[in-house]
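Any read-out appearing in this document is the output of simple, stated calculations on the displayed coordinates, not a laboratory observation. Nothing here was measured: the structure is a model prediction, and the numbers come from that model. Because the Cβ atoms are built from the backbone with ideal geometry, glycine has one as well, and the counts that use them run over all protein chains shown.
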Amino acid sequence: METTFLKSTLDNDFYKFTMQHAVIKLFPKAKVRYGFINRGKHIFPPGFADLLRKSVDAMADLRLTKNEKDYLTKFCPYLDPTYLDFLQGYNYDPSEVQITQHGSEIKVTIEGFWYRTILWEVPLMALISELFYKSNLLIRLNDDAIKSVTKDKINNYNKLGVSILEFGTRRRHSYDVHVLINETLQTFGSQSFIGTSNVHFAMVDNIRPLGTHAHEWFMFHAAQYGFKMANLMSLEHWTQVYGGDLGIALTDTYTTDVFFEQFDKKYSKLFDGVRHDSGDPIEFAQKVISHYEKMGIDPKSKVIVFSDSLNYDKVKLITDFCKDKIKMSFGIGTNFTNDVGLPPMNMVIKLTEVKLDNKHWQGVVKLSDEKNKNTGTPEMIALAKEVLGIK
């Protein structure tokens, strides 16, 4: 069976690099563990772990090229030159990734210094997805059909007059499909397509990559500072590193209601807006608008980035509600990069434990606005709910 190899260090989501930059500055000694969660109960064929192992081992040969470094210097001026020098010398260490298979189930864990291991999650998921379809001999739509489907989608978004971002790296069907999607969006999406979270494809298009931070940023801060201080310290440290740049705040690591209790006037003014990643989008929009009005801030001066399992129908529903109330954009992932006539995979890789000193590992949790998206042990989830007063 043919395996799959990553072609570029930059074939990753932008927020992985922005968080890595911040981790190097603030938490260079922290260690972490991540784990693969097979939400879709996908059945992996015999030998899958060996295929994945070969792909992971090959990542040790990836290096940031001079052209890639020059691109980051030009389009991401908030990344320090010292960080770009570090990234140029960075190499993936495959020993940080453990892969085992028992029957049709695989177990994938990552362990090491946070500043190093933070880059594994997205490319690992992309490799798992591509290898899953290859190893099961599943046949996708042909290239022309995929381009046609994507063209129809972006034309519909053009007519809606909305801003569309491509967020589909981690659960894409394959690199080749991602290329087709990116080319089609660039060709036909001039009225709505504003860019991609994938740094490699942003470089191909000579545009800036898009993204800020992810749940793991807040999850780590909860372990470091306690659940009550997690949101506040996450926001404070982000502004300490980036000032006013990269100003979209993620709200749902410990539920949106808890987040807005701490999203005070300082941060509400400083951050350009917030990202929706779970729960009812209309209910969320109402909460955001009410919050800004309560703070004496015009909601029309702020933006919501919606990014939760979007398709055209959901985007239209949200647009109809938010129009003339608040600015909005839409990060569409799997519906772009894995709509190929096969069921898309449902999987995540999440931060599971952190080591803040040399003594012990501590579990971390995420309390999404959708209960089935919670991660962590039952004991830690119960503790977080008790501390935060979540029913």
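Compute the FRET efficiency between Lys316 and Lys265 as 1/(1 + (r/R0)^6), taking r as their Cβ-Cβ distance and R0 = 41 Å, and round to the nearest 0.05.
So the FRET efficiency works out to roughly 0.80.
Using C-alpha positions alone, give me the convex hull volume of the stretch 107-229 per residue in cubic angstrom.
So the per-residue Cα hull volume is 149 Å³.
Just add up the charged neighbours of Gly279: K/R +1, D/E -1, any other residue whose Cβ is under 14 Å from the Cβ of Gly279.
-2
Any idea what the dipole of the chain comes to, in debye rounded to 20, about its Cα centre with Lys/Arg Cβ at +1 and Asp/Glu Cβ at -1?
So the magnitude is around 400 debye.
Pull up the DSSP beta bridges for the chain and report the antiparallel fraction as a percent, rounded to 5.
For the chain, the DSSP antiparallel bridge percentage is about 55.
What aspartates and glutamates sit close enough to Lys287 to cross-link, taking a C-alpha to C-alpha distance under 18 Å and skipping anything fewer than 8 places away on the same chain?
Asp252, Asp257, Glu261, Asp264, Asp272, Asp277, Asp298, Asp308, Asp320, Asp324, Asp369, Glu370
Averaged across orientations, what area in nm² does the convex hull of the alpha carbons in the stretch 1-114 project?
Dividing the Cα hull surface by four gives the mean projection, 8.2 nm².
Which Cα, out of Leu310, Met345, Ala249, lies furthest along the positive dipole direction of the stretch 235-380 (beta carbon charges, K/R +1, D/E -1)?
Value: Ala249.
Per-residue ellipticity at 222 nm for the chain, helices alone: DSSP H runs ≥ 4 residues times -39500 (n - 2.57), over residue total, nearest 500 deg cm²/dmol?
It lands at -13500 deg cm²/dmol.
So if I take the alpha carbon set of the stretch 101-166, get Rg, then get Rh from the Kirkwood formula, what is the Rg over Rh ratio?
Result: Rg/Rh = 1.14.
Excluding Ser309 itself, what net charge comes from residues whose Cβ is under 11 Å from its Cβ, given Lys and Arg +1 and Asp and Glu -1?
That sum, taken over residues with Cβ under 11 Å, equals 0.
Taking the highest mean first, how do the peptides 214-223, 271-280 order by number of other beta carbon atoms within 10 angstrom per residue?
The peptides rank, most packed first, as 214-223, 271-280.
Rounded to the nearest whole Å³, what is the per residue volume of the convex hull around the Cα atoms of the chain?
So the per-residue hull volume is 135 Å³.
Considering only Cα-Cα distances, which of the following residue pairs are longer than 24 Å: Lys265/Lys371; Lys266/Lys391; Lys366/Lys391; Lys266/Lys355; Lys355/Lys385; Lys266/Lys371?
Table pairs above 24 Å Cα-Cα are Lys265/Lys371; Lys266/Lys391; Lys266/Lys355; Lys266/Lys371.
Could you please report the charge total around Asp252, scoring K, R as +1 and D, E as -1 over all other residues with beta-carbon less than 10 angstrom from its beta-carbon?
Its environment carries a net charge of -2.
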